[in-house]
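A short worksheet on the structure shown next.
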Amino acid sequence: MNEWLIDYVHKPDMTKEQYFDWRPAYKKVAQVKDPIAVEIGVLEGFNSTIALKYIDFGKYYLIDPYKEYAEKDVGELDIYKQPDWDNFYQRTSERFKDNPKVELIRKTSKEAHKCFPDEFFDFVYIDANHNYNSVWEDLNIWYPKVKKGGYIAGHDIEYGDVKSVVYRFYLENYSSNPTKEMIEETVDTGYNDWWMKRI
C-alpha cells in the first residue's frame, strides 16, 4: 500500500527549512511553546504529518468532514466520490491514532467550530473549500476562536475567491487599526500562504 493516495508535488521528506518555505504561516505557531492549533481541511494529513515533525504542538486538532463535494468546480478535489473520502478518513485516522497530541474530528467546519470556546487557539489554519462563501464563513466563524496575539492563516491565496475573501475580511476588520498585521506570501514569491495576527 502506498503511503499517500495523492501524488503530491512536494515530497514528504522535506527538511524543516523546506517545510517552512512551503508553509510559511506555520513559522508563527512554531514560535509558541506547546501551541494549541487547528487545521481545517486535512485530506490525507500530508501537511499535518510534516507539521508534527517540526512543531511541538500542545494539541493539534484536524478537522475535515470527509464528505463528497455537492458542488463542482471547487478545485481538484471535486473528482472524489464518497467511498474515496471514506478511504481518506480511514487512512488518516490510522496515521494519527497513536499520537495523543492529535485529534481528528470528522465534522464540517461549521459544526466543528462549536466544539471550542472563543480565544482557544494559538493558531488556526484554513485549507478547506476554496469557494467564496465557504472561505468567508470559515474566516468569520474561526476568527473569534483565536487568542489575542495568535494567528489565523490559510493556504492557496492564489485562488481568486480566497484572495478576495482574505482582503475583504482584512479591510472590514483591520483597516481602522494600523497596529494589526496582515501578511500575504503569494505564488509570485514562491509561497501561497496568508496570515493575520489577532490583537
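The values are calculated or read from the model by the stated rules, or taken from the named source; none is laboratory data. Remember, predicted model here, so these are calculated numbers, not experimental data. No Cβ is skipped: glycine too gets one built from the backbone with ideal geometry, and neighbour counts run over all protein chains shown.
At-a-glance table
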| read-out | value |
| --- | --- |
| Residue list for the stretch 117-166, filter: polar (S, T, N, Q), within 18 Å of residue 78 (Cβ to Cβ) and surrounded by fewer than 22 Cβ atoms within 10 Å (Cβ to Cβ) | 131, 133, 134 |
| Output for the stretch 79-114, where each listed residue is in contact (Cβ under 8 Å) with a residue 40 or more places away in the chain, among the charged types (D, E, K, R) and in a loop (DSSP other than H, G, I, E, B) | 101, 106, 107 |
| Scan of the stretch 37-64 for residues that are crowded, with 19+ Cβ neighbours inside 10 Å and in contact with a Lys or Arg (Cβ under 6 Å, 6 or more places away or on another chain), ordered by number | 45, 57, 60 |
| Qualifying positions in the stretch 116-171 - more than 16 Å from the chain's Cα centre (by Cα), acidic (Asp, Glu) and on the phi > 0 side of the Ramachandran plot | 119 |
| The listed residue being assigned to a loop (DSSP other than H, G, I, E, B), in contact (Cβ under 8 Å) with a residue 40 or more places away in the chain and of a type in the set (D, E, K, R), out of 44, 39 | 44 |
| Answer residue from the stretch 65-107, given it is touching a Ser or Thr at 6+ places or on another chain (Cβ under 9 Å) and hydrophobic (A, V, I, L, M, F, W, C) and is surrounded by the fewest Cβ atoms within 10 Å (Cβ to Cβ) among those | 74 |
| Every residue from the stretch 11-32 that is touching a residue at least 24 places away in the same chain (Cβ under 8 Å) and not aliphatic (A, V, I, L, M) | 12, 16, 19, 20, 21, 22, 23, 24, 26, 28 |
| Single condition residue 71 does not satisfy, out of (1) touching a helix residue (DSSP H, G or I) at 6+ places or on another chain (Cβ under 8 Å); (2) modelled with pLDDT of 95 or more; (3) closer than 28 Å to residue 161 by Cβ | (2) |
| Residues of the stretch 120-151 satisfying the condition of being assigned to a strand (DSSP E or B) and over 18 Å from residue 58 (Cβ atoms) | 126 |
| Meets criteria (at pLDDT 90 or above, among the basic types (Lys, Arg) and out of contact with any Asp or Glu (no Cβ under 7 Å at 6 or more places or on another chain)) for residue 147 | no |
